[in-house]
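The values are calculated or read from the model by the stated rules, or taken from the named source; none is laboratory data. Keep in mind that this is a model prediction, so the values were computed, not measured. When we count neighbours, we look across all protein chains shown, and the Cβ atoms used for this are built from the backbone with ideal geometry, even at glycine. For accessibility, only protein heavy atoms count, side chains too; no ligands or nucleic acids. Shrake-Rupley method; radii C 1.70, N 1.55, O 1.52, S 1.80 Å.
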Amino acid sequence: MIRNARSIAAAFACLLWPALAQATRQCPPEAGEKSPLFWALGWAILGAFVLLGLAMPLLALRGSRGRRTLHRALWVLAGLAPMLGCWLLGLWIFFARFVMVC
């Protein structure tokens, strides 16, 4: 099993190597600096996704009012998955559209 996992990891590394090389290339000098408004928009989008993610468990807690303790705990735990999803989506948008562009 370990041998198969290593070969799968090696195959993914070979497939991702060109993408990693392109991601670390330098921007051409004529690209210039990004404006403060551009960065403000990027940080605002990231902050919105963080706040939206923080609201998910709170909404799950509010939605579970009047239920037994175990059901309430399960609802809150179920609210953690969308929270993590919102955070990861916000980070992906921030890095893909604001940080890693020329």
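Within region 33-65, the set of residues being small (Gly, Ala, Ser) and in a helix (DSSP H, G or I) comprises 40, 42, 44, 47, 48, 53, 55, 60, 63. What are the residues in region 62-79 that are open to solvent by 70 Å² or more (accessible area, probe 1.4 Å) and of a type outside the set (D, E, K, R), if any? Hits for region 62-79 are 66, 69, 70, 71, 74, 75, 77.
Checked against the criterion of being within 16 Å of the chain's Cα centre (by Cα) and at pLDDT 85 or above, the candidates 54, 77 yield just one match: 54. Beta carbons closer than 8 Å, at least 6 apart along the sequence or on distinct chains, pair a first residue in region 39-56 that is among the aliphatic types (A, V, I, L, M) with a second that is open to solvent by 50 Å² or more (accessible area, probe 1.4 Å) for 46/91; 50/87; 56/80; 56/82.
Candidates are the residues of region 80-102 that are among the β-branched types (Val, Ile, Thr) and either outside any loop (DSSP other than H, G, I, E, B) or surrounded by 14 or more Cβ atoms within 10 Å (Cβ to Cβ) (or both); the one that is modelled with the lowest pLDDT is 99.
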